[in-house]
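Each remark here refers to the structure printed beneath this line.
What follows is calculated from the coordinates using simple rules that are stated; it is not laboratory data. None of the values given here were measured: they were computed from a predicted structure. Please note: Cβ atoms are built from the backbone with ideal geometry, for glycine as well, and neighbour counts cover all protein chains shown.
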Amino acid sequence: MTDEAARQKREIVLWTLALCLGLWLIWRGYVRVDALVLVAGMVLAATGFALAAGAIARFRLAAEGPAPGVVLIDEGRIGVFGPTGGGFIDLSTLALVAVSGQPGSGDRAWTLRGEDGTTLVIPFGAVGAERIPDALASLPGLDLAAAAEGAGPIWQADGRVRPLLR
């Protein structure tokens, strides 16, 4: 197991424990009729659930091995430098986000296309590519769960997304 995979599993366990602690506090607050403990439990459970769900999505999108390229994410821009090319694209100008390759194939990649036709193909195993799901999370209607299951578009600026290939 790689260090990255171990770190991701630890993150999932940590946030799941926070969720469980929150649920326990909800129960204790309910049994003791203690509104403060009940509210604290609700906040902790909601936070644990949201962060565990994000950690699970990132774990499912993790690469099987290293791939060429380096990804830079800075202030709403995603950039990639690779042996065959590279470039930058602003998140505000994205028109399409797609995933290519099937899970377990080792050749999975993100495809980001801008409104001006600029296209970046970023292998899942590129250095820094594990941060792409977090960078794309602000896109309305983005389906990261679908990205972990198959290949095809997972977000379009106009809101239309075709079914993924399974």
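Annotations for the structure displayed:
- Short-range pairs are left out: with C-alpha atoms under 8 Å and at least six residues apart, the relative contact order of the chain is 18 percent.
- Matching label, percent of Cα pairs over 24 Å apart computed from the structure shown, candidates (1) 49; (2) 30; (3) 43: (3)
- Counted charge near PHE88, where neighbours are those whose Cβ lies closer than 10 Å (Asp, Glu -1; Lys, Arg +1): -1
- Under 5 Å between amide hydrogens, built in the peptide plane, is the criterion, and for GLY125 it picks out ALA67 among residues at least 5 positions away or on other chains.
- The helix-based estimate of mean residue ellipticity at 222 nm for the chain, built from -39,500 (n - 2.57) per DSSP H run of four or more residues and divided by its residue count, is -13500 deg cm²/dmol to the nearest 500.
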